[in-house]
Amino acid sequence: QQVGLHQDAFAEELIRILEVHANVLLDDSFYSEGTNHGLDQNIILFELLKELEGVLQLPGALKKASDRVNFEISKAFAADGGHIENSSAYLTFGLKQAVDALHIGRSYDGRASLIALPKGMLERATDALTHTTRPDGKLPLIGDTCDYFVRDIFRDVKPANYEQFLYSIHKGGRGTMPGARDLVLRDSGWAIFRSSWSGDAGEK
């Protein structure tokens, strides 16, 4: 609390600042459409509007924010589940963004959340990540991918093939072995082949 300001006055000033921030994020000229930055912008906008629902008078803003979030997630992944960025790391990063967005929406509105994924997208993207993860639990160093182990990125939202994903990242120590060894992502331009899912040191 600043000197000379009563708490209510400070709160009113903070609300005015947040309203300015919300209007900047709502401005179409500021929106980074079709990028992971645009997704970040609108997740923040969605959270801000939900936290101040009934305080900020911005008709239609919440639907606009959620529509943008849904659009960005749908554009981030190709029809085969691969990420549009030519980098294996974005399979993890993009999926985590999508799962986090779903979690945020459901934390406010449960199953009635305005944030939703295209049907089957979560499973297709998870399948792509499951197969792309190397036998040592890391990702192939393609694009701007760093050297790190793939972690369990799923929270309260889990895909139907979650157990297969666990098998891949835990080298067969957990989960269920995927049914297919190979995966070709024609839309994304990726092809993944391995000799087995055995978890043996000789697996490739």
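The values are calculated or read from the model by the stated rules, or taken from the named source; none is laboratory data. Given the structure is predicted, the values throughout are model-derived calculations rather than measurements. Here the Cβ positions follow ideal geometry from the backbone for every residue, glycine too, while neighbour counts run over all protein chains shown. We work out accessible area using only protein heavy atoms, side chains counted, and drop any ligands, DNA or RNA first. Shrake-Rupley method; radii C 1.70, N 1.55, O 1.52, S 1.80 Å.
Annotations for the structure displayed:
- Each residue in the range 53-81 was checked for being under 14 Å from Leu122 (Cα atoms) and of a type in the set (Phe, Trp, Tyr), and 1 of them qualify.
- The number of residues in the range 25-39 that are in a helix (DSSP H, G or I) and surrounded by fewer than 13 Cβ atoms within 10 Å (Cβ to Cβ) comes to 1.
Results for (1) open to solvent by 60 Å² or more (accessible area, probe 1.4 Å); (2) under 22 Å from the mean Cα position of the chain (by Cα), shown as yes or no for each residue.
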residue: Tyr148; (1), (2): yes, yes
residue: Lys171; (1), (2): yes, no
residue: Ala180; (1), (2): no, no
residue: Trp190; (1), (2): no, yes
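- The one condition in (1) free of Cβ contacts under 8 Å to residues at least 24 places away in the same chain; (2) touching a His at 6+ places or on another chain (Cβ under 9 Å); (3) closer than 23 Å to Leu45 by Cα that Arg111 fails to fulfil: (2)
- Hits in the range 135-144 (condition: open to solvent by less than 80 Å² (accessible area, probe 1.4 Å) and either out of contact with any Lys or Arg (no Cβ under 9 Å at 6 or more places or on another chain) or acidic (Asp, Glu) (or both)): Asp136, Lys138, Leu139, Ile142, Gly143
- Residue in the range 105-120 that is on the phi < 0 side of the Ramachandran plot, touching an Asp or Glu at 6+ places or on another chain (Cβ under 6 Å) and open to solvent by 40 Å² or more (accessible area, probe 1.4 Å) present: no
- The residue list Ile84, Ile44 contains one member that is open to solvent by 10 Å² or more (accessible area, probe 1.4 Å), under 25 Å from Glu13 (Cβ atoms), touching a residue at least 12 places away in the same chain (Cβ under 8 Å) and not charged (D, E, K, R), which is Ile44.
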